[in-house]
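The values are calculated or read from the model by the stated rules, or taken from the named source; none is laboratory data. Because the structure is predicted, anything quoted here is derived from the model rather than measured. Note that we place each Cβ from the backbone using ideal geometry, even for glycine, and neighbour counts take in every protein chain shown.
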Amino acid sequence: MQTCSFKKLNLTLISFLLMAFSTVGFAKNSIEGLRIWPSPNTTRLVFDLENTPSYTYFTLKNPQRLVVDIENTPKNFDFSKVVNDSKLVKKVRYSTAKNPQSVRVVIELSKPLEKNIFALPPTAPYGDRLVIDLNDPDSAAPQIVLNSKSSNDRDIIIVIDAGHGGEDPGSIGRAGSYEKNVTLGIAKRLEKLIANEKGMKPIMTRTGDYYISPNKRPQIARKHKADMFVSIHADAFTTPQPSGASVWVLSMKRANTELGRWMESTERHSELLGGAAEIIQDTANERYLAEAFLDMSMDYSLTTSYDVSRDMIKHLSKVTKLHKKIPQAASLAVLTSPDIPSILVETGFISNPQEEKNLNWSQYRQKLAVSVFNGLKQHFKGSPPDGSLWAKWKQEKRTHRVRSGESLSLLAQRYNVRVSTLKKANNLNTDVVRIGQVLTIPST
C-alpha cells in the first residue's frame, strides 16, 4: 500500500512539473497599446507589450504590406481606435496567424519603404516594446537655398531644436506635463520671431511630435550651414525645489555639477526611449571623436557659444528666475557640432510645480521665446557672420567705443585697417584716443 501511494505521489508531482514547464513554455504575451508617430519622411510604430516579444516578419507586394508574427499573443487589442496620421501607413490590422498561439499583424503600406524592426526593454515610463521604423527612400529632402542672395547679404541661419518628441516625452511634471510639448511650443514661437526679422532665417529640427536622435540634431544644423544651433529644453530634477532658467554649452569633459551629471544621464535615457539602436556604446570611440572635434574647430565654436550664452542669460533674467547666472557646461550629444556654435536653453524646471504651471502658460512661453530671440539678436548685431546682410549693415556704419587699454594701432589691427585711414575717417590729428570716445570704423 505504501509503495502504491508513493508511486501515485510521484506521478502527481511529475504531472505538476510538466504542467508548470508547459505554462512557462507557452507563457502568453499581450498587446497593450499601439502608438504611431509620423514625421515628414518617416513613421514609427510602437507596440506596447506585456512581456519581451518573440517575433518574425516578412513583406508582401501588390499591395505593399509588412507582416509581423508575435508568438504566444492573442488578438486582444483593437487597432481601429489608434490615431493614424501617417502618409506611409494605410492601416494596421490582424490576419490569420501561423499557429493558434500566435498573432499576425499586417501593416498596409502606401509604397515600398525601408524598414527597421527591433524590441526595446522596459524604460520608464514604458514597458516592453516592439518598434517598427519606416523610412521613405524616395522622399525628396527639403531643398536648401542658401545662395539665392548675393554673397554679401545672406541670412543668418538659426537652427531651433525642440527637445525630445514622439516616443521620448522628456521630463514629466507632477501635473503630467510633457517636456516635449513645452519645448515645441516655445520653439515655434521663436521660429516666428526669427522669420519676421530681416536678415535672419529659422530652421526647425522637428515641427511636430516625433523623435529625432540627439546625435542627429546637430547634423541637421550642419546640413543647413547654420550660424547658430539653439536647443530648447525644460529642466527637471529628483526633487521639486530647484527652479529657474539656465544656459548650457558643451564641455569636453564630464560635467562637474550634480545638475550637469543629471542632464547627461537623462539624455542617455532619452536615447533609450527613442531608439536604442542609435546609441553610441563604445565610450573609447566617443573619447576619440571628442579629441578629434577639439583639434578641429571647437575653439571658435565654444567661444562663440559662451558669448551667446552670456547675452541670453541677461535677457532671460528679465522674464524668469535664473538657476545659474553664468553659462554651464556638460557633455551633451545635441551640442557636439564642432563647427557650429551651439547652446542648450533650459527654460525652467518642469519638476517644480509653479514653473510647470508657468511653462504651460501661452503668454509665458512667448516671453521666454522673446528673451531667447533678443539674446541671439544682441549677439549677432555685435558679431554678425561674414557675408551676412547684418555684416554688410555693420560694415557700412561701423563704430567703436574706446575702452581702457585700447590704442589707435590696436584698433587698426583689430579691424584690419591702416592707422592713417582710421585717423582720416575720424578727423584725428594725433594717435591719442580717449576712453569712451566713439570712432567710425571705415570699410576695408
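Tell me which residues, restricted to the range 219-229, are crowded, with 17+ Cβ neighbours inside 10 Å and out of contact with any Leu (no Cβ under 7 Å at 6 or more places or on another chain). Residues satisfying the conditions are 220, 221, 224, 226, 227, 229.
The one condition from (1) free of Cβ contacts under 8 Å to residues at least 60 places away in the same chain; (2) surrounded by 19 or more Cβ atoms within 10 Å (Cβ to Cβ) that residue 196 does not meet is (2).
Consider residue 112 carefully, then state whether it is more than 22 Å from the chain's Cα centre (by Cα), part of a loop (DSSP other than H, G, I, E, B) and within 22 Å of residue 213 (Cβ to Cβ). So residue 112 fails the test. For the range 356-444, the helices (runs of 4 or more DSSP H) that sit wholly inside it and include 2 or more residues that are surrounded by 11 or more Cβ atoms within 10 Å (Cβ to Cβ) and within 42 Å of the chain's Cα centre (by Cα) are 362-382, 389-396, 408-414.
As a summary of the residue check, residue 184 satisfies the conditions (1) of a type outside the set (S, T, N, Q); (2) buried (at least 24 other Cβ atoms within 10 Å of the Cβ); (3) under 22 Å from residue 367 (Cα atoms); (4) under 14 Å from the mean Cα position of the chain (by Cα) except for the one numbered (2). Is there a residue in the range 80-92 that is crowded, with 16+ Cβ neighbours inside 10 Å, in contact (Cβ under 8 Å) with a residue 60 or more places away in the chain and on the phi < 0 side of the Ramachandran plot? Within the range 80-92 (the criterion being crowded, with 16+ Cβ neighbours inside 10 Å, in contact (Cβ under 8 Å) with a residue 60 or more places away in the chain and on the phi < 0 side of the Ramachandran plot), the answer is no, since none of the residues qualifies. Look at the range 101-125: where a residue is farther than 11 Å from residue 66 by Cα and among the β-branched types (Val, Ile, Thr) and a partner is surrounded by 14 or more Cβ atoms within 10 Å (Cβ to Cβ) and at pLDDT 90 or above, sitting 6+ places away or on another chain with Cβ atoms under 6 Å, you get 103/70; 103/73; 103/97.
For the range 320-330, state whether one or more residues are assigned to a loop (DSSP other than H, G, I, E, B) and in contact with a Lys or Arg (Cβ under 6 Å, 6 or more places away or on another chain). No, the conditions are met nowhere in the range 320-330. Annotation: of all residues in the range 118-158 being under 22 Å from residue 211 (Cβ atoms) and hydroxyl-bearing (Ser, Thr, Tyr), the one that is modelled with the lowest pLDDT is 139.
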